[in-house]
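Beneath this line is the structure, given in structure tokens, with notes to follow.
The values are calculated or read from the model by the stated rules, or taken from the named source; none is laboratory data. Nothing here was measured: the structure is a model prediction, and the numbers come from that model. Reconstructed Cβ throughout: ideal geometry from the backbone, glycine too, with neighbour counts over all protein chains shown.
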Amino acid sequence: MLDIKIEFNSNPKKLPDKDDPLKFGTIFTDHMFIMDYTLGQGWHDARIIPYQPICLDPSAMVFHYGQEMFEGLKAYKTKDGRILLFRPDMNARRTNRTCKILCMPEIPEEDFVQAIMELVKIDKEWIPTKKGTSLYIRPFIIATDPFLGVRPSNMYKFIIILSPVGPYYPEGLDPVKIWIEDTYVRAVKGGIGEAKAGGNYAASLRAQVKAHEEGYSQVLWLDGVHRKYIEEVGAMNIFFKINGAVVTPMLNGSILPGITRDSVIRLCKDWGYEVQERLISIDEVYDAHQKGLLEEVFGTGTAAVISPVGHLRWGDHVMQINDGGIGKLSQKLYDNLTGIQLGDVPDIYDWTVEVK
Ligand code: PLP
Ligand code: COI
């Protein structure tokens, strides 16, 4: 159990207006959590302080070699005023998996969840309640050792910030257009693709810029060896409904093991769908589309929730899916998942955790 010192913000900001659409990731709350790590001492000095810039030595290792990880989860306010987190234990576990991959010190799962709960409690007035909004929680760890040699850092900071958010895509639940990238790759087997590390996102930017220039929201990555097998999208995992079955790439070490992905697989199985986690090639997707068997495509993620894909572009091929509309399964998943998260649908899986 962490002993968290608290310094309240004596100059709180004005809360966003109730009707503010809350553009993703632009507004931050009044407080932040911070804790330091020193080799030989472990994690120490857990504190919640007013939201503020952090002061780092210019030689801090994170600036030079990118030893950084982050997580993302959300807090929701129910109609009867309770505060719920969605599967925070999964974020705690994934944090430690990422830390292992990046040679960073792990954080006890219960400390990770406790830190989030204490911070959310203090800034609970910031949890928005308008449909489609929530309080996004961003825990992250940075290497702070002032040293220019290449090795794992001996010092770190674990920080949590909070941001009231609306939909990740301006389209909201309307289908997005996705660009299938066949030149650049995000990650390869044996690399760090399955880690939630800043470096993976840095590697994604030039393809994303290209896709944006072509009028697409995000990139769908293909595997790094053959440029053939589907991996995932920039900020979400991907699912295809083909001839009644739900198909998604298996976890292969180069894609992020999404918590929404895991939840969607469970829901689909329990609703009687055949769910296949396997290799799926872009040729198979294109072929299914040509035969009229590609019924739905959707992405899953904490920020993206369930994002129907209405349009896929692969080289010269353009695939319009479901006439560019929201598929029935995508809508049902969105309604049930957000229903559980908001306490409107019974949580038979024990996925939500109340912040008290
Ligand atoms: N894949 C990538 C690259 C992501 O950034 C995310 C977002 O977190 C996901 C998948 C979905 O993961 P989760 O459902 O845990 O948010
Ligand atoms: C999330 O969905 O939590 C993410 O981390 C995606 C991020 C790139 C916005």
Only one of (1) within 14 Å of ligand 2 (Cβ to nearest atom); (2) modelled with pLDDT of 95 or more does not apply to residue 169, and that is (2)
Given the condition in the same structural domain as residue 264 (by TED's automatic domain parsing), within 14 Å of ligand 1 (Cβ to nearest atom) and not in a loop (DSSP other than H, G, I, E, B), answer yes or no: does some residue in the range 188-196 qualify? no
The residue from 194, 214 that alone is in contact (Cβ under 8 Å) with a residue 40 or more places away in the chain, farther than 25 Å from residue 69 by Cα and among the acidic types (Asp, Glu) is 214
The strands (runs of 3 or more DSSP E) lying wholly within the range 220-282 that contain at least 2 residues that are over 20 Å from the mean Cα position of the chain (by Cα) and not basic (Lys, Arg) are 245-249, 275-278
How many residues of the range 295-318 are under 26 Å from the mean Cα position of the chain (by Cα), in a strand (DSSP E or B) and within 19 Å of residue 179 (Cβ to Cβ)? The answer is 14
Of 97, 93, 82, the only residue that is farther than 29 Å from residue 146 by Cβ and within 16 Å of ligand 2 (Cβ to nearest atom) is 93
query = Does any residue of the range 276-285 turn out to be within 24 Å of residue 216 (Cβ to Cβ), out of contact with any strand residue (DSSP E or B) (no Cβ under 7 Å at 6 or more places or on another chain) and without any contact (Cβ under 8 Å) to a residue 60 or more places away in the chain?
reply = yes
Restricting the range 234-245 to residues that are surrounded by 24 or more Cβ atoms within 10 Å (Cβ to Cβ) and not polar (S, T, N, Q), the one farthest from ligand 1 (Cβ to nearest atom) turns out to be 240
**OP:** Please work out if residue 345 is in contact (Cβ under 8 Å) with a residue 12 or more places away in the chain, more than 16 Å from ligand 1 (Cβ to nearest atom) and among the aliphatic types (A, V, I, L, M).
**Re:** no
